[in-house]
Every structure is written in C-alpha cells, then in structure tokens.
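The values are calculated or read from the model by the stated rules, or taken from the named source; none is laboratory data. Bear in mind the structure is a predicted one, so any value in this text is a computation, not a measurement. Ideal geometry is used to build each Cβ from the backbone, glycine not excepted, and the neighbour counts take in all protein chains shown. Accessible surface areas use protein heavy atoms only, side chains included; no ligands, DNA or RNA. Shrake-Rupley method; radii C 1.70, N 1.55, O 1.52, S 1.80 Å.
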Amino acid sequence: MEDKRISPSSSLVDAKSSVADSSVLQIRGGHSLQGHVRISGAKNSALVIMAGALLCSGDCRIHNVPSLADVEKMGRVLSALGVNLQQSGSVLDVNASQITTSKAPYELVTQLRASFFAIGPILARLGVAQMPLPGGCAIGARPVDLHVRGLQAMGAEVQVEHGICNAYVPGHSRRLQGAKIYLDIASVGATETLMMAATLAEGETIIENAAREPEVVDLANFCIAMGAKIQGAGTSTITIEGVPELHSTEYTIIPDRIEAGTFLVAGAITRSELTLIEVVPDHLLPVIAKLRDIGVTVLEEAPHSLRVLPADSLKATDIETLPYPGFPTDMQAPFMALLTLSEGDSLINESVFENRLRHASELNRLGADIRVKGNAAFVRGVPMLSGAPVLATDLRAAAALVLAGLAAEGKTIIQGLHHLDRGYDQLDVKLQQLGANIERLPSS
Ligand code: UD1
C-alpha cells in the first residue's frame, strides 16, 4: 500500500466529496446476499484517538484506521495544527511533537464536529486553544456546552466570541487542575474531551454520569497505552489521575459496531446468510437483541465472528434510542428500513437527537408506510418496497436507503453519497462482494 502524507492543504477530501456528490448509487434490489464480510475499524474511535494523539509529544502508530472521508478530514485538522501524519493502508503514524498553532481552522472544524473534541488535548498540551464552534448538523443542534463547562471546572477560562471558543489556562504552570465533574447528559464527546484533558492535568479528575460507549473505552485504553492513569472507563464514573506527560505507543482500534450492525440488518432485510468477521459481539448486544425480537437468527460463531441467518418472517417491534448500553441512535435509521418490511406496527422513539428521522420520508418514496410525529416514527409494515430515486440526508440515513434499496424490487438511485462516504469504509464495494447488484455511477 502506498504511503501518503496528509497535509492541511490536501485536496483529497474535497476531491472525494465532490466525486461522491457527482455520483449516485444504483441498486437493483430483491436479491439475496451471501458470504463473509470483514468489519473495518470504528469511525468514532479513530476520530477521537487521532485527537488523543495530540496529547503525546512522541510517535503514535494507530492500526485498523478505516478509510473514510471523516478520518481524512480529521487528519487535515491535525496537520493544520502542525502535526505530522503518515498513512499506509490502515496504519496511521501521528507525531505531535510540534504543535505549531493552538487555533484550528474554521472551514475544517465546521465540516467535522468530532474535530472540536481536540480542544481538550490542545488545551492540556499548550494551555491555550482556539476552536471554532462546530455548529449544528443534519441531525440536530448539537451544542458543546458540556465540553465547555467541564473545561471551566478544570480551571480553564473559556469565552465564545465570533463563533470561536477561546480557552486558556491561567497561572504559571498552565496546567489544567483536576476536578469533580458531573455531566447533565452522558455525552460521548464531552466525556472524551474531558477525559483527554484530564490525562495531563494536575491532580485527580472524576467524571460522573460519563458515557459508557465502547469508543470511550477504546480512547481510554489508547491513553493508558501512552501512560495515562485512567480507571472506570465503560462505567458511569471515570477517574483520571493526571500525569506530566504521555509517551509513544502503538495501538489497534476496535471494530466498528455500527458498520457491523448495518451488515447484520443487510442480512436480515435481504433474507440472507452472512458471516461478519472481526466484530466484538458484546458491543452489539442491544442490536442483536432487537434483531432476535424481529425474528432474525444471529449466531455467535467464533469470539470475533457473527452469523445472520435468513428469517422466515420479520415481526414488528418497538425501539427507543438511548446512550450505551441502550439501543444506539446510529442504528435507528437502518432498523427503520428493516421495520418497513416487518409484519405489524412498530414505534420508533429517537430520544438522543432531535432531528434524526428525516430518512422516513425518503423510505416512504420506496413504498414504506411511516408517519413521523415529533421524535416518534410509526412504521406500518408493508409486503414489499419498490425502487425509486431517493436522497440521503445524513450518514445513517444513507445507510438506511442502501438497505431498503437492497430489498426493494427494481432500481433505486441514491443521491447524497458524501454522507455515506463520511462513515462507511467502502460499503458499496463490500456489498458487491456479497453479491449485491450495486454500482456507483456518475450522476446524469
Ligand atoms: C457521538 C458520535 C455519534 C453518535 C453519538 C451518540 C462521535 C464522533 N460521534 O456524537 O456518531 O450518534 O455520539 O451516540 O463519536 N449534548 C449537549 N451538550 C453537549 C454535548 C452533547 O446537549 O455539550 C447533547 C447532544 O445534542 C445530543 C446528546 O447530548 O442530544 C448526545 O450527544 P453526544 O453523546 O455528545 O454525541 P456526540 O459525541 O456528538
């Protein structure tokens, strides 16, 4: 695999997104799939672990990095901060010995919300950080107040002016101070920002009502591999004892549980037998439990493998999205696609984000029967879907449309592929290898 240096001016992402924007996915549905699929590294781990590498003044080698537009963008943010990055296939070398500026570029941060999480490590390393606010996005307003309040509790002065979050640590040492922080919401991003900041703070930080997502644990394990002292990641109370510096390390990212869940639904919706390899079944418990409610058989094969079997019939079920270990909001859209073809009435409650049901109207274009009221969607199962042109409105909406397209009779054309490429590592190619009739075509 060719080595690639990521630079802030790299036009690869823009080129990728404009190619994605000018192409469409054509799916001829109604066929079953078959075979094995290897699950890539977790997007949400990769993004935050890349930010976490800012904490270390030595080399970090990160394995199992997925090939995604979002990862490329995060690379450009780090690069703009003076960090040296070298990528070879799924291995990423990050050297943050020189952070040349504390100011992240507006045009990149506003394109990638997760890059705001770098405020924690930059502030911890330099005692100063200027981060543009990420703004809202297609699924909701998504404020960063919990990140800001936590950093303030650790002694940072934080002010938002002209859309920029300016933070600095007063005092001679410029080190953040350990603090006891209670999060109003178990926010994944806020937990990660504050945990990273606390690794280099003076004294002990306790984060109460911390997020318990596997990606939080992955980040904690990465920081521990660099010498951080963190206990309790994966529970609601995380304790971090600050250390003066972190050292070089080599680390492998966990498999992407949302990509794995998407392939389980692909098997279920096309009534196929698929084997997923390189998965952590424990991370998928709420997803597997719901699939079993719907009537789908999911078997744990080897320790890192899952098999989904063709179901005789699919049954309706109710879903409420919740923080981990509840049902993941990122799987809500793919499950909505599946429930459109399940017998009976299902109720989906999206309780994590306020505007994450926009795929319902696009699924209706394929013949689904979904009514949305506030944050609830009522799905009445239909016997079949039929292909149509549709538009992806966000990342997981794009996945839901691909899944529905695989099951629909006839031809589905999906636009808005830049959303899909943000977070799925070659979904169309992997589906092709499983026998799907799916093609990326130039948009006419
Ligand atoms: C992360 C994931 C995203 C996933 C989400 C929930 C990354 C890069 N993204 O997003 O894929 O869908 O977790 O599992 O890891 N909130 C506030 N104030 C804050 C922070 C959050 O009110 O300061 C609210 C949000 O608007 C949202 C809820 O808390 O309603 C949960 O958001 P959060 O867990 O922070 O999601 P992200 O970390 O942004």
The simple spin-label model distance between GLU250 and ILE277, using points 7 Å out along Cα→Cβ, in nm, is 2.2 nm
Take the Cα atoms of the chain, find their three principal axes, and give me the spread along each one in whole Å, biggest first. 69, 45, 42
Highest mean first, how do 274-287, 239-252 rank when packing is the count of other Cβ atoms within 10 Å averaged over residues? 274-287, 239-252
Quote the charge dipole size of the range 316-439 about the Cα centre in Debye, to the nearest 20; the model charges only the Cβ of Lys and Arg (+1) and of Asp and Glu (-1). 220 debye
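For GLU273, GLU343, give the ranking by accessible area with the largest first, probe 1.4 Å.
So the residues, ranked largest to smallest area, are GLU343, GLU273.
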Once both labels are modelled 7 Å past Cα along the beta-carbon direction, what's the LEU126-GLU241 spacing in nm? 3.1 nm
Placing unit charges on C-beta atoms (Lys and Arg positive, Asp and Glu negative, everything else neutral), compute the dipole magnitude of the chain about its Cα centre in debye, rounded to 20. 540 debye
Sequence-distant or interchain residues sharing an amide H contact under 5 Å with SER57, placed H: which? LEU246
Highest-first arrangement of 399-408, 378-387, where packing means the average Cβ count within 10 Å: 399-408, 378-387
Only bridges with both residues in the chain count here: give the DSSP antiparallel percent, nearest 5. 70 percent
Rg and Dmax of the range 264-352, using alpha carbons, in Å: what are they? 12.5, 35
Compute the separation of the alpha-carbon centres of the range 87-118 and the range 374-397 and state it in Å as a whole number. 35 Å
Taking a probe of 1.4 Å, how large is the accessible area per residue of the chain, in Å²? 38 Å²
Cα principal axis extents for the range 43-252, largest first, Å: 41, 36, 35
Along the range 286-293, Karplus-curve 3J(HN,Hα) (6.51, -1.76, 1.60; θ = phi - 60°) to the nearest Hz, with x for Gly and Pro, reads x, 6, 5, 4, 5, 4, 5, 4
In Å, descending, principal axis extents of the Cα set of the range 302-368: 38, 30, 18
Quick one: plug the Kirkwood hydrodynamic radius of the range 174-322 (C-alpha pairs) into Stokes-Einstein at 20 °C, 1.002 mPa s, and report D in µm²/s. 124 µm²/s
Please get the size of the charge dipole for the range 221-348, origin at its Cα centre, with Cβ charges of +1 on Lys and Arg and -1 on Asp and Glu, quoted in debye to the nearest 20. 100 debye
Starting at the first residue of the range 183-193, write each ³J(HN,Hα) from the Karplus equation 6.51 cos²θ - 1.76 cosθ + 1.60 with θ = phi - 60°, in whole Hz, x for Gly and Pro. 8, 4, 10, 6, 6, 5, x, 5, 4, 5, 4
So if I take the alpha carbon set of the range 44-121, get Rg, then get Rh from the Kirkwood formula, what is the Rg over Rh ratio? 0.91
Can you tell me the order of 109-115, 320-326, 27-33 when each peptide is scored by its average per-residue count of other Cβ atoms within 10 angstrom, highest first? 109-115, 27-33, 320-326
Point-to-point label distance, LYS315-ALA376, nm (Cα→Cβ direction, 7 Å offset): 2.2 nm
Would you kindly calculate the translational diffusion coefficient of the range 34-82, applying Stokes-Einstein with the Kirkwood radius from alpha carbon pairs, for 10 °C and a viscosity of 1.306 mPa s, and quote it in µm² s⁻¹ without decimals? 133 µm²/s
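When the accessible area of the chain is computed with all protein chains present and a 1.4 Å probe, what percentage of it is carbon and sulfur?
Solvent-exposed carbon and sulfur of the chain make up 49 percent of the total.
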